[in-house]
Amino acid sequence: MTIKDQPQIAFVYAEELSQYQLSPQHPLRPIRLKHMHELMKATGLMDLANIASTQPRLATRVEIESAHDPDYVRNVIAVSNGSVVPDSIKYGLGTPDNPIWKGMYDKTALCVGTTLTASELVISGRADIGFAPAGGVHHHAMRRYASGFGVFNDAVIAMNTMVKAGLRIAYVDIDCHHGDGVQAGYYDSDQVLTISIHESGQWLFPGTGHVQEIGENDGLGYSVNVPLAPYTQDPEWHVAFDELITPLIKTFNPDVLFTQLGIDTHFQDPLTHMSLTTQGFNLAVKKLAKLGLEIGKWVAVGGGGYDFSAVARSWTMALSTMADFNLPQQVPATFNSLKGLTKFDDQDPPQNESPHLNEIQQFNSKTIEEVCALVFPKFRI
């Protein structure tokens with residue numbers, strides 16, 4: 001493949017998005033993005049001719065309010081500036097998951113701006129793929145309140161601009177947590193097909209994302225949830241992906257593919273219970289890349305991921321897949337942002353020897369059967 005034939009990628013990132021913290025004990029530590037970026041540079045990815053490093057812009061208040069109630073936005077601005085808002089808790093602000101911190105509005109508006117910038121470059125045809133790894137983690141944010149580390153839902157804000165332009169979008173969320181905020185944004189719309197494959201809400205926040213949540217009114221059948229059992233490993237996860245997600249996207253035939261690439265499904269993630277490897281994650285990215293390049297417009301954002309090693313390696317692998325670039329097996333010796341990393345691929349975790357293995361397999365098989373029964377008839381699959 002020549003340079004001209006290779007997909008053109010807009011990598012949208014600002015170093016300042018790694019230079020703040022929500023609270024000293026908070027599990028979401030933006031410095032994870034610095035480790036990721038350092039590893040990308042060490043591999044030579046950032047020197048490739050088909051990857052353009054792009055600075056984001058700030059999202060405007062009008063753009064933010066396309067997805068969020070103005071009263072909520074006003075409260076975020078007020079507490080970000082140090083004002084005491086007596087009823088801020090009703091907006092989900094000041095909780096352990098969503099603490100109040102100085103500069104919250106501006107930093108979150110910049111985070112949203114990374115996703116908007118990536119989307120604009122793809123929709124305008126200036127890039128085939130837009131990758132904004134600082135985005136995506138806000139997929140729990142709701143119209144009137146913060147939730148699950150999310151303040152402003154960057155995915156909904158960006159896709160609103162696409163919907164306004166008459167585009168149809170397939171949104172695929174592979175984070176370990178259900179993408180409830182994005183689902184809520186389009187629950188009654190047939191313009192956006194939302195698909196979330198995640199650890200079942202029976203065991204994990206936010207407790208939603210059940211198969212029966214399939215949308216309403218015009219959106220009936222356009223919300224798809226694939227809840228999987230804890231400790232699901234690469235092979236079983238990919239069975240669900242192949243049997244459900246690929247045919248749904250192909251049948252929906254969207255104008256844009258929008259993917260949330262959370263890596264908290266990793267077996268070392270401290271907040272979740274899934275058992276994917278970095279190579280299992282990257283296989284999913286390869287499948288999404290094939291779909292995205294067939295569609296012709298692909299926007300990708302980051303998401304959850306609370307193990308620094310998994311985040312740095314997985315999102316570096318994702319960018320290399322997007323760029324059609326072969327990474328070395330070994331992590332470059334020049335990378336010293338994190339100690340102890342030697343290979344991009346994980347050693348496979350021990351095979352699941354849980355006494356509940358049969359229950360795990362049965363749970364996942366039942367999920368696949370139920371999605372086929374509830375959603376596939378809508379798309380005549």
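The values are calculated or read from the model by the stated rules, or taken from the named source; none is laboratory data. Keep in mind that this is a model prediction, so the values were computed, not measured. Cβ placement follows ideal geometry from the backbone for every residue including glycine, while neighbour counts extend to all protein chains displayed.
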Log entry, pairs with first residue in the range 128-140 being touching a residue at least 24 places away in the same chain (Cβ under 8 Å), second being assigned to a loop (DSSP other than H, G, I, E, B) and of a type in the set (V, I, T), beta carbons closer than 8 Å, six or more apart or on different chains, reads H138/V151
Might you let me know whether the range 95-107 holds any residue that is in contact with a strand residue (DSSP E or B) (Cβ under 8 Å, 6 or more places away or on another chain), at pLDDT 95 or above, among the charged types (D, E, K, R) and not in a helix (DSSP H, G or I)? yes
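Would you please name the residue that is surrounded by the most Cβ atoms within 10 Å (Cβ to Cβ), looking only at residues in the range 254-268 that are over 16 Å from H198 (Cβ atoms) and out of contact with any Lys or Arg (no Cβ under 8 Å at 6 or more places or on another chain)? Break it down stepwise before answering.
Of the residues in the range 254-268, the ones over 16 Å from H198 (Cβ atoms) are 254-258, 268.
Of the ones still in play, those that are also out of contact with any Lys or Arg (no Cβ under 8 Å at 6 or more places or on another chain) are 258, 268.
Details: F258: 30, Q268: 14.
Top of the filtered list is F258.
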What single numbered condition from (1) buried (at least 17 other Cβ atoms within 10 Å of the Cβ); (2) without any contact (Cβ under 8 Å) to a residue 60 or more places away in the chain; (3) polar (S, T, N, Q) fails to hold for Q6? (2)
Taking only pairs six or more apart or across chains, which ones have beta-carbon atoms under 7 Å, a first residue in the range 170-193 that is within 12 Å of T208 (Cα to Cα) and in contact (Cβ under 8 Å) with a residue 60 or more places away in the chain, and a second residue that is part of a loop (DSSP other than H, G, I, E, B) and aromatic (F, W, Y)? H177/F205
Restricting attention to the range 231-245, which residues are more than 15 Å from Q362 (Cα to Cα) and either surrounded by 18 or more Cβ atoms within 10 Å (Cβ to Cβ) or touching a helix residue (DSSP H, G or I) at 6+ places or on another chain (Cβ under 7 Å) (or both)? D234, H238, F241, E243, L244, I245
For the range 53-76, how many residues meet the condition of being farther than 14 Å from R144 by Cα and either outside any loop (DSSP other than H, G, I, E, B) or in contact with a strand residue (DSSP E or B) (Cβ under 8 Å, 6 or more places away or on another chain) (or both)? 7
Of the residues in the range 91-150, those that are more than 16 Å from the chain's Cα centre (by Cα), under 17 Å from V182 (Cα atoms) and among the hydroxyl-bearing types (S, T, Y) come to Y145
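Could we say that D242 is acidic (D, E) and part of a helix (DSSP H, G or I) here?
On the way: acidic (D, E): yes; part of a helix (DSSP H, G or I): yes.
Yes: the conditions hold for D242.
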Cβ pairs under 7 Å, 6+ apart, first in the range 292-307 and under 16 Å from F149 (Cα atoms), second outside any loop (DSSP other than H, G, I, E, B) and aliphatic (A, V, I, L, M): V301/A132; V301/A155; G305/V311
